[in-house]
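Read through the structure below, which is laid out as structure tokens, and then see the notes.
The values are calculated or read from the model by the stated rules, or taken from the named source; none is laboratory data. Here the structure is a predicted model, which means the values were calculated and not measured. Every residue, glycine among them, receives a Cβ derived from its backbone with ideal geometry; neighbour counts consider all protein chains shown. Heads up: the accessible areas ignore ligands, DNA and RNA and are worked out on the full protein's heavy atoms, side chains in. Shrake-Rupley method; radii C 1.70, N 1.55, O 1.52, S 1.80 Å.
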Amino acid sequence: MAKTARTQDEKFIMMTTGSTGRLVFRLACPAIITMMITAVYNMADTFYVSGIDVQSPAAVGIIFSYSAFIQAIAFFFGQGSATYISRALGAKNREHAVSVAATGFFTALIIGILIASSGFIFMDDILMLLGSTDTILPYARAYFRYILLGTPFIMSSFVMNNQMRFQGNAFLSMMGITSGALLNIILDP
């Protein structure tokens, strides 16, 4: 516990008294690397899916809109709670920061479960609304099931990612996203 407190105190000093330029660089580089790795993952995913048939990449494109939707909702909870956490940590109110972090995480998890449940109930309607055709629908449906199952976990991981970055742990946040993306790339074939 003493080591954790010391690390938190060091992080507090770094975030409140350090050079702004150095701090921005230290926090921005991992965020930029994360975005680049996510782009590579999306390209790898599309590459492997395009080898299946013509309809499968179209199905992935249909589901991409849904992925952007759940990412936006997760960022709402992640960045909203993370800014509040940053202020609580700045005021050295760690207990409140922990409470807000848990609230943001579990709210996103519950909303993700509700969205996924609704997605299973209204799957065909949602897919058609996102631009699917009758030809693509079976492929989109097959892919969408997996994405729906992962929705609560995807959303809660985005919340944690934002919360970690706003606490000054951009490198750990990058490692979490990177390990997931690399695992997906490896398992794609």
Checking LEU148 against (1) closer than 15 Å to SER65 by Cα; (2) at pLDDT below 95; (3) of a type outside the set (D, E, K, R); (4) buried (at least 20 other Cβ atoms within 10 Å of the Cβ), the condition it does not meet: (2)
Scan the stretch 29-44 and report the pairs whose first residue is touching a residue at least 24 places away in the same chain (Cβ under 8 Å) and whose second residue is open to solvent by 50 Å² or more (accessible area, probe 1.4 Å), with Cβ atoms within less than 7 Å and a gap of 6+ or a chain change. PRO30/PHE171; ALA31/ARG165; TYR41/ASN184
For the stretch 116-124, indicate whether the set of residues that are open to solvent by less than 40 Å² (accessible area, probe 1.4 Å) and within 21 Å of PHE158 (Cα to Cα) is non-empty. yes
Selection status of ALA108, open to solvent by less than 40 Å² (accessible area, probe 1.4 Å), modelled with pLDDT of 95 or more, under 18 Å from ALA68 (Cα atoms) and not charged (D, E, K, R): yes
The stretch 1-60 - residue that is farther than 30 Å from LYS92 by Cβ and polar (S, T, N, Q) and, of those, surrounded by the most Cβ atoms within 10 Å (Cβ to Cβ): SER56
